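Since the structure comes first, as structure tokens, the remarks are kept for the end.
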Amino acid sequence: MRPGTHSPLSFRQLLLIAFLGILLLMGGALMRTLVAVETLTDANRDSPGQALETVQSVRRLQDLTVTLEREARQYLVLNDPALQRELRTTWDQAQQVAGVLGARFPQPLEPLTRDWQAGAAQVLTPLLAGTPLTQSALSNAFTRLGTLNQQIDSESRAELAQRNQSLMADFEQQRRSVIWIGIAAVTVAAILALVLGMWLARAYKQLDRAIDALGLPGQHAPIAIAGPGDLHALGERLEILRQRLAALEADKLLFLRHISHELKTPLANLREGIALLEDQVAGHLNASQREILGILRDNAIALQQQIEGLLQYNAVAFDARRLQRRPVALRTLLENLVNRQRLQWQNRQLQVTVEGPALSASIDPEKIDIAVSNLLSNAIRFSPDGGTIRLVLQGTPQGWALDCIDSGPGVEAADRDRIFDPFFQGNRQPAGARKGSGIGLSIVRELVEAHGGQVTLEAQPVGAHFRMEVPHAET
């Protein structure tokens, strides 16, 4: 199956088919092994018995030959009819044994047993018929039969050794055949599993990328999952969701543009009118009128800050998902940030210190800079004149951490759970300062979480202690 195609079968069905295919391959290899073992067993089952019978027959023929020679000499001397009958009986037995040996091993024992029978008949037939023989002729005949017995014994042993060697060769061949079949079955099963695994892994990787990209700005490529039928169907549903999210994003951006235009323009006109009144362009103002204008000016500025904060938070929240990581010297980044805000904290006679080792990490420096800048600005805003602010950098087993510790009023216990919520402002505000937008800590949380980390408010008797923890970048 090509990696770029999808199957009408579900993941479960494909997994079952692959399992059955591997099971059939392994089962076939096992059956082939069993057949080979059974074949070898059948071939070897009668071999020991045949070898024993052959040895016994050869020994039997040798013993009968000796008996024939003894009985023939006795009959030749005594000419006793009883000895003649015993001689005939022994000869019949010897012929039967020779015939069995010749039939068992046609090549090469059959010619030898035939010669043995012919040689025995040549001497015994005349003797049993009453033809006189000399002891010398009888000795020569049985000497030749003894020689044939030795040849029969030698050839039978050689034939048994050859058959045993042939069986061992068959066994070795079957063993190699079983090994190669096993290797072939395992190889095919491994290739099948590898191809299916790579195909499924590719589909899941596409699915993972599609889910990660959902809702990201600028993602216009359609989602198409090449894989099992159920994953392909899931990809189609994700594509529908992507289209809906894109439509919602477009509507939201359009709404925010309208908000920006429809509210910021009247606010600018309102602030300009308030400024003209404060400059007494339209006439002299008394103290009460100036007080009212001050209230209007402050609320107009607060409203403008809220609108700008909303737009800024929305932009940061979406931009946080697009990280541009690169190796950065963290302590250098912190020192540069502190120097950029030097005027803010020097005007308040604050002491800002950067502590910790020279660490490096793969981060998006612009976004971490914004996060730390918001923490530092928050600490400067809430710290009393002449106070201290510490930025403490340290390495952790998972990555690195930054502690921002100030000497301000801290955060009330009732506000701790909501301190990172957008537009939330705690009860403890610096005296005489204009009320903020309440999005600074929310932006910090968005940017740190985009790096896979977290920002927390640590317990401290005096002041506020915010801790950023960022893990190492995944490779």
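Since every read-out is calculated from the coordinates, none of them should be taken as a lab result. The model shown is predicted, which means the values in this text are computed figures rather than measured ones. Methodologically, a virtual Cβ is constructed for each residue, glycine included, from the backbone with ideal geometry; neighbour enumeration extends over all protein chains shown.
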Fill in the blank from the handout: For 93-106, 286-299, 235-248, 359-372, ranked highest to lowest by mean beta-carbon neighbours within 10 Å, the order is 359-372, 93-106, 235-248, 286-299
Practice task
With only alpha-carbon atoms counted, please give the Rg and Dmax of segment 82-224, in Å.
Solution key: 39.2, 127
Problem - Spin-label pair MET26/ALA103, simplified geometry with 7 Å Cα→Cβ offset, distance in nm - result: 5.1
Fill in the blank from the handout: Karplus-derived 3J(HN,Hα) from phi for segment 353-362 (6.51 cos²θ - 1.76 cosθ + 1.60, θ = phi - 60°), whole Hz, x at Gly and Pro, runs 10, 10, 10, x, x, 7, 9, 10, 8, 8
